[in-house]
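The structure appears below as structure tokens.
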Amino acid sequence: LKELRFENITVDNVTIPLFAQKKIELSVLRIDQLHKVVSGNKWFKLRYYISEAIEQKKEHIVTFGGAYSNHIVATAAACRISQLACTGIIRGEEPASLSPTLLQAKELGMQLVFISREEYAGKKLPPRLEDKDHYIINEGGYGRTGAKGAASITDHFFPADYSHICCAVGTGTMMAGLLNALPAHEVIGISTMKNNLQLEDAIRQLLNEPQHPIQLFHDYHFGGYAKYKPDLLSFMNEFYKTTGIPSDFVYTGKLFYAVNDLAAKDFFPTGSKLLLIHSGGLQGNRSLSKDTLIF
Ligand SMILES: *Cc1c(COP(=O)(O)O)cnc(C)c1O
């Protein structure tokens, strides 16, 4: 795994007038800097799946995702690094031209298999992939093994320095891992989907203490998963100007926006020390038109 740059993971202390005025300290954990493709939380979620596949002597990984999935491209890169074959089962008909994400996954050696949305919803493997020698990873790396990997994100900062850990939430695997690792912290999740009311349950399935309170916000989706509005993009540009930190419009842009909004509404007590997890995902910005973001 020599291509992964753990030494590049930093904690950046950032200064933003609103937070200073509210006497809240703000830091960002830059796991986005781990690798340009296997960025952020995806490698952490994948790490124990990959090592389990190798232990079980499986040579072929199969996983699922959409055309812009960070998980698909991260799995392709992780398999390449570990010299495992891999297949990505992609939701929807094969498009005339592949998305940048899928092109990159293909270049990294992933075989792409397109299945209809209906078949995909059933999560049934196409018959030719029903092979017991394949190691299957859930969409988005969801599962206990993924949460165990995500828990190891906490090895890259000093938890005692922070009162609140804030993260963007898709499947909830990362948030579950953070809660398992830091049960005494306030862990706050910003859902990136609209009305994903199963989310809390999905997270609870992965918790060591299933009764642990789960703090999720559902009002920062900007229209739904991978949807955005001009407000979000201009906030991301503004955040970059102030802090030098780029974000993506699917996950971390919504996280930073939400934390800023919550601070403005005095959700965080004076003296709070926030750590925002920059979980990566910047590759996803390639699907935006070129002049929308300044970074
Ligand atoms: C996948 C992803 C998430 C969400 O992680 P989950 O474990 O699925 O909740 C957050 N941020 C980025 C950048 C991601 O790619």
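Just so you know, all these numbers are worked out from the coordinates, no wet-lab data involved. The structure presented is a predicted model; accordingly, all values stated were derived computationally and were not measured. Here Cβ is always computed from backbone atoms with ideal geometry, including for glycine, and neighbour counts include all displayed protein chains.
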* Positive-end extreme of charge dipole, the stretch 173-295 - chosen from 184, 243, 174 (charges on Cβ) -> 243
* Structure fact -> Here the convex hull volume per residue of the stretch 1-128, taken over Cα atoms and given in Å³, is 156 Å³
* **Surrounding net charge for residue 48, when Lys and Arg each add one and Asp and Glu each subtract one, Cβ distance under 15 Å** => +3
* Label-point gap, in nm, between residue 52 and residue 117 - each point 7 angstrom along Cα→Cβ -> 3.1 nm
* Estimated inter-spin distance, residue 234 and residue 195, nm [label 7 Å along Cα→Cβ] -> 2.9 nm
* Asked: Say a site is exposed when it is one of the GluC sites (Glu not before Pro), sits in a DSSP loop, and has at most 15 other Cβ atoms within 10 Å; what is then the longest site-free stretch of the chain?
  -> 131-295
* Stretched out fully, how many nm does the piece from residue 97 to residue 219 gain, at 0.36 nm a residue minus the Cα gap? -> 40.5 nm
* Asked: Which is farthest toward the positive dipole end of the chain among 99, 272, 16, measuring Cα position about the Cα centre, with Cβ charges +1 (Lys, Arg) and -1 (Asp, Glu)?
  -> 99
* Structure fact -> Per 10 angstrom bin, beginning at 0 and ending with the bin that holds the maximum distance, the Cα pairs of the chain fall in percents of 6, 28, 37, 22, 6, 1
* Asked: Applying the Karplus parametrisation 6.51 cos²θ - 1.76 cosθ + 1.60 with θ = phi - 60° to the phi angles of the stretch 63-80, what ³J(HN,Hα) value in whole Hz is obtained for each residue in order, glycine and proline being reported as x?
  -> 9, 10, x, x, 5, 10, 6, 4, 5, 4, 6, 5, 5, 4, 5, 5, 5, 4
* So between residue 128 and residue 23, what do we pick up on full extension, going 0.36 nm a residue minus the alpha carbon distance? -> 32.0 nm
* Asked: Using a Gaussian network for the chain with springs between C-alpha atoms less than 10 Å apart, which of these wobbles most: 230, 246, 213?
  -> 230
* Asked: Add -39500 (n - 2.57) for each DSSP H run of 4 or more in the chain, then divide by its residues: what number comes out at 222 nm, to the nearest 500 deg cm²/dmol?
  -> -9500 deg cm²/dmol
* Could you tell me whether the stretch 221-287 comes out rounded, prolate or oblate from its Cα gyration tensor? Rule is a ≥ b ≥ c as square roots of the eigenvalues, rounded for a/c under 1.5, then prolate if a/b exceeds b/c, otherwise oblate. => prolate
* **Violating pairs (Cα-Cα greater than 18 angstrom) within the set 58/123; 148/194; 45/148; 36/106; 106/132** => 58/123; 148/194; 106/132
* Asked: Treating the beta-carbon of each Lys and Arg as +1 and of each Asp and Glu as -1, no other charges, what is the dipole magnitude of the stretch 56-207 about its Cα centre, to the nearest 20 debye?
  -> 240 debye
* Asked: Over the stretch 145-295, what per residue volume does the convex hull of the Cα atoms give, in whole Å³?
  -> 118 Å³
* What residue among 51, 41, 83 has its Cα farthest toward the positive end of the dipole of the chain, where the charges are +1 on Lys, Arg and -1 on Asp, Glu, each on the Cβ? -> 83
